[in-house]
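Notes for the one structure printed next.
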Amino acid sequence: MSQYLKPVLILLACASLFFLPAAQAGEGKPQHKNAAGHHDSKAKHKGHHFSPHWSKTLSDEQRLGIDRLHLELGRELAVLKAKEVLKEKELNVLSASGKAGQKAIYAKIDELMEVKRDIMRQRHDHLVEMRELLTPEQRLSYDMEVLGRSGVK
């Protein structure tokens, strides 16, 4: 790796730690608004209709526990996502260098996949930890939501 490329990659990784959370803050599900432009709390959502949504039935203690879990996950994922971006950039640089052999490229892919594996493990551990804070009734709604996802976000 050239003497100029390494500092640039480190700078990119550090910058992503600061800018990624700010960029993601505006993301999310679209808000449902009524004709007057106000948020409609009775907007129709896809899903089950048998029991109240788990998040609407949380006690104050459960809310605090879930907030703590989300904060911990956010901290862990911020570092892992920065590593993921860095590994992807390193792989791109390696692939475009013309000097890298297939073994070196495959080794870098393995490093990238290790970070992605850690991200998935953190997210699924989080699902299990969240579920442990819920009552059996809340778990029914929560499990139905989890099963309806295409993947963990």
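Residue check: Lys108 meets all listed conditions (1) assigned to a helix (DSSP H, G or I); (2) in contact (Cβ under 8 Å) with a residue 40 or more places away in the chain; (3) surrounded by 14 or more Cβ atoms within 10 Å (Cβ to Cβ) but one, namely (2). Quick test for you: out of Ala78, Ala82, pick the one residue that is closer than 30 Å to Tyr142 by Cα, assigned to a helix (DSSP H, G or I), in contact with a Pro (Cβ under 7 Å, 6 or more places away or on another chain) and not polar (S, T, N, Q). Just a single option satisfies the conditions, and that option is Ala78. When residues in the stretch 121-135 are screened for being without any contact (Cβ under 8 Å) to a residue 40 or more places away in the chain and touching an Asp or Glu at 6+ places or on another chain (Cβ under 6 Å), 0 of them pass.
For every residue, the table says whether it meets (1) modelled with pLDDT of 95 or more; (2) loosely packed, with under 12 Cβ neighbours inside 10 Å; (3) of a type in the set (A, V, I, L, M).
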site	(1), (2), (3)
His53	no, no, no
Glu76	yes, no, no
Ala82	yes, no, yes
Lys116	yes, no, no
Glu129	yes, no, no
Ser141	no, no, no
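The values are calculated or read from the model by the stated rules, or taken from the named source; none is laboratory data. If you're wondering where the values come from, they're calculated on a predicted model, not measured in any experiment. Every residue, glycine among them, receives a Cβ derived from its backbone with ideal geometry; neighbour counts consider all protein chains shown.
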